[in-house]
Amino acid sequence: MGIALAEAAASFGASVDLVLGPVSIMPAEPAINVIRVTTAETMKDECLSRFPECDVAILAAAVADFTPVSAGTAKMKRGDGELVLRLKPTADIAGSMGKIKKSSQVLAGFALETDDGIVNATAKLKRKKLDFIVLNSLGDEGAGFGYDTNRITIIDKNNNIDKFELKSKEEAARDILEKVVSILRHRAE
């Protein structure tokens with residue numbers, strides 16, 4: 001979804017920096033500046049370093065909510081006892097960006113939900129000071145991870161809710177960018 005958004009934004013004429021985690025595909029558009037990262041912490045650092053100079057940030061990465069307290073450097077062999085993993089909260093990229101967001105910037109995030117999608121996504125939108133949030137549901141067949149299609153719902157900070165049908169990720173990206181454009185137009189009026 002992030003690559004589809006970056007390519008759609010570039011086709012709209014935007015200068016695009018794509019902070020990209022470990023994925024097997026790359027954008028086809030050569031004008032996109034790709035910054036590769038491997039951890040949530042480095043993704044946060046890269047996003048925060050670029051955010052003050054950008055007009056729009058769309059946070060589409062599916063960053064895990066928790067990360068191991070310590071990471072091993074070698075394979076862990078099977079033993080007789082249980083293996084206990086200690087986890088800590090992962091860096092909150094959207095929350096960190098929301099704290100430094102200027103009124104002239106548009107900040108959008110994603111929410112992947114399994115239950116009470118609208119309620120949970122709206123709470124996240126407010127907590128992280130986003131202009132809008134794109135809701136994905138794990139319950140939507142043919143949408144999200146592992147598919148070339150997605151079914152999104154866009155919720156903005158004025159509680160407007162737009163539900164979209166199942167579409168290609170490229171078409172969903174254009175719907176998201178149309179929301180960005182509408183916010184920018186409204187602010188210019």
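Each value in this text was obtained by applying a stated rule to the coordinates, not by laboratory testing. It should be emphasised that the depicted structure is a prediction, and the values quoted were computed from it without experimental measurement. A quick note on method: Cβ atoms are made from the backbone with ideal geometry, for glycine too, and the neighbour counts reach across all protein chains shown.
Run the numbers on the stretch 60-156 and let me know its relative contact order in percent, using alpha-carbon pairs under 8 Å that are six or more apart.
On the way: 119 pairs, mean separation 20.7, N = 97.
For the stretch 60-156, the relative contact order is 21 percent.
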Computed on alpha carbon atoms, what radius of gyration and Dmax characterise the stretch 1-108, expressed in Å?
17.0, 58
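List the relative contact order of the chain as a percent without decimals, with contacts defined as Cα pairs under 8 Å and 6+ residues apart.
Numbers: 276 pairs, mean separation 32.6, N = 189.
Worked out over the chain, it gives 17 percent.
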DSSP bridge orientation in the chain - percent antiparallel, rounded to nearest 5
45 percent
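Within a 10 angstrom radius of the beta carbon, how do PHE110, PHE12 rank from fewest other beta carbons to most? Mind showing how you got there, number by number?
Working: PHE110 23, PHE12 13.
Lowest to highest Cβ neighbour count: PHE12, PHE110.
If you rank SER137, SER96 by fewest surrounding Cβ atoms within 10 Å, what's the result? Intermediate results must be reported in sequence, preceding the final value.
Working: SER137 19, SER96 16.
Taking fewest neighbouring Cβ atoms as first place, the list is SER96, SER137.
May I ask which of LYS44/LYS163; LYS99/LYS157; LYS44/LYS167; LYS88/LYS169; LYS88/LYS167 have a Cα-Cα span longer than 24 Å here? Numbers along the way, then the final one.
Values: LYS44/LYS163 29 Å; LYS99/LYS157 16 Å; LYS44/LYS167 29 Å; LYS88/LYS169 32 Å; LYS88/LYS167 36 Å.
Cα-Cα > 24 Å for LYS44/LYS163; LYS44/LYS167; LYS88/LYS169; LYS88/LYS167; rest within.
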Which part of the stretch 72-116 falls in the paramagnetic zone of PHE66, meaning amide N under 12 Å from the point 7 Å along Cα-to-beta-carbon?
84-90
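In nm, what is the difference between 0.36 nm times the number of residues separating ASN120 and ASP148 and their Cα-Cα distance? Write down the numbers at each step before the final one.
Numbers: separation 28, 0.36 × 28 = 10.08 nm, distance 2.50 nm.
Between ASN120 and ASP148, full extension yields an extra 7.6 nm.
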The whole-number value in µm²/s of the Stokes-Einstein translational diffusion coefficient for the stretch 85-189, with Rh from the Kirkwood sum over alpha carbon pairs at 10 °C and 1.306 mPa s, is 109 µm²/s
What Rg and what Dmax come out for the chain when only alpha-carbon atoms are used, in angstroms?
17.6, 67
